[in-house]
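Nothing in this text is a laboratory measurement; each read-out follows from the coordinates by a stated rule. None of these values were measured; they are calculated from a predicted model. Reconstructed Cβ throughout: ideal geometry from the backbone, glycine too, with neighbour counts over all protein chains shown.
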Amino acid sequence: MAQAQDGKKYMSFWMMVALVSGNMVGSGIFLLPSGLAGFGSISILAWIFTSIGAILLALVFCNMSRLVPNVDGGPYIYVRKGLGNFMGFQSGFGYWVSLWIGNCAIAIAMVGYLRFFFPVLENHIIGACAAIAIIWALTFFNLLGPRKVGWLQLISMVAKVIPLLLIILAGWWYIHPEYFMDFNRTSGSSFSAFSTAASLTLWAYIGLESAAVAATKVKNPSKTVPLATIIGTLIAAFIYIGTSIVIMGMVPAGELELSTAPFALAAVQIVGPIGGIVIAVTAVIACLGTLNGWIMLTSVVSKSIADTDLFTKIFAKENKHGAAHYSLILSGVLMTVLILFTMSPNLVEQFNLIILMAVLAALIPYFYTAVSNVLLIKANDTGAPVWQTAIVISVLAGAYSLWTIIGSGPDVVYYGMILLFLSTPIYAIAEWNNKAKQGTLK
């Protein structure tokens, strides 16, 4: 009986796939076609290039889950294992901060979509309160454990993928090939347009590491985590590339660029006025599922750091459902404070400010993980049949991550570096306290 009850704490394989793909296919996809329309059809090539880069990164995380099995934490543990405690903490701290900051952006985006049904949310104070209420509702839901989180991920993933697949399949009949002729709509070179568009599209793939972060929440993680990572990433890639091609072919670039609801434009063409309502509901479901998964990962990462004595031990405690309850509450408080401090009458400005703070903090751990993977392969895995191929994949994934960091713009790098430097004194204080407890401080 005890074994059966313990089994209720685990996510199934398809729940883990839904966690990976659902954490990527979230709020951003519904606005990206408009953001990319200004670049022209060259953005389709950017999607393909970024998808290849994301798959390389996914393969790195698959290999790391094999080399460092049965542990939560993803980038934190992987970097710590290959590059040492300090860089591991630097990576884990940045990744953890990017998670709860990014969650605020998702909650704000969800409020934006809910305005379609509840215009009162256009008041920025009421909107901020609604975002905070959504965060706490899902925080309390996460207290029920990973199995419940997994069910919501699975249901929300199916609910949001079906309308998107219908747009991909039905939209081909409404495509105007001449809309693709405007290859580069920017005033700069094609290379410049391609690079900028590719940097934007990577944000959509942040979350490919989700299965590795929550590895112990599923049975047989050494097999389940790599497979769920690859399948989840491929699902997201298919949806991103398919919807971008269809929408860009259905709506003139000038009209698409000015739209705040590009999917609604496509849906209205296919099924009429009800299409706008369907897409608004789908967007809300997408945000709900994504936020649900990211809140769980936020608590898992802080628990993983606490397990190694670099956060206070209270955050490592779990309730009877297998949820890190103190970590969940801490994240909820931090997200509440951030939303209140960034509250703005302009929801888009608030969304962009928060995203700017989170972007680089997520990208640096990807780069560190690729480097760490090379070192771990060389140290422990040269007996594997294709270890040289694994190193080549890691080098390419690391180069891709570095290229994206450089191309993300000076503002993003500026805020990311501040966050990175902030981790240093926090690590020093934690190590000071640990050595004092062990009696090794002189």
Q: Kindly rank 216-225, 145-154 from highest to lowest mean number of other beta carbons found within 10 Å of each residue.
A: 145-154, 216-225
Q) In percent, what relative contact order does segment 2-432 have, based on Cα pairs under 8 Å that are 6 or more apart in sequence? A) 34
Q. Which angle between 0 and 90 degrees, to the nearest 10, do you get for helix 325-341 versus the longest principal axis of the chain when only C-alpha atoms count?
A. 50
Q: Please give the helix 85-114 orientation as an angle from the longest Cα principal axis of the chain, in degrees from 0 to 90, rounded to the nearest 10.
A: 30
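If you place +1 on the Cβ of every Lys and Arg, -1 on the Cβ of every Asp and Glu, and leave all else neutral, what size is the dipole of the chain about its Cα centre, to the nearest 20 Debye?
Details: 21 positive and 15 negative charges, 315 e Å.
In total the dipole reaches around 1520 debye.
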Q: Enter the Cα centre distance for the pair segment 395-422 and segment 220-280, rounded to the nearest angstrom.
A: 27
Q) Between G398, F13, L121, whose Cα lies farthest towards the positive end of the dipole of the chain when Lys and Arg beta carbons carry +1 and Asp and Glu beta carbons carry -1, centred on the Cα centre? A) F13
Q | Under 5 Å, built H, 5+ apart or other chain: amide partners of M11 | A | V218, K219
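Please sort 106-116, 423-433, 316-326, 289-299 by packing, taking for each peptide the average over its residues of neighbouring beta carbons within 10 angstrom, highest first.
289-299, 106-116, 316-326, 423-433
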Q | In degrees, nearest ten, helix 124-142 long axis to first principal axis of the chain (Cα) | A | 50
Q. Here are some pairs, K223/K378; K160/K313; K148/K378; K219/K435; which of them have Cα atoms lying more than 31 Å apart in this structure?
A. K160/K313; K148/K378; K219/K435
**Q.** Options L56, A362, W151, ranked by Cα towards positive dipole end of the chain, top entry (Cβ charges)
**A.** W151
Q: Set Lys and Arg Cβ to +1 and Asp and Glu Cβ to -1, take the dipole of the chain about its Cα centre, and tell me which of G35, I77, V25 lies farthest positive.
A: I77
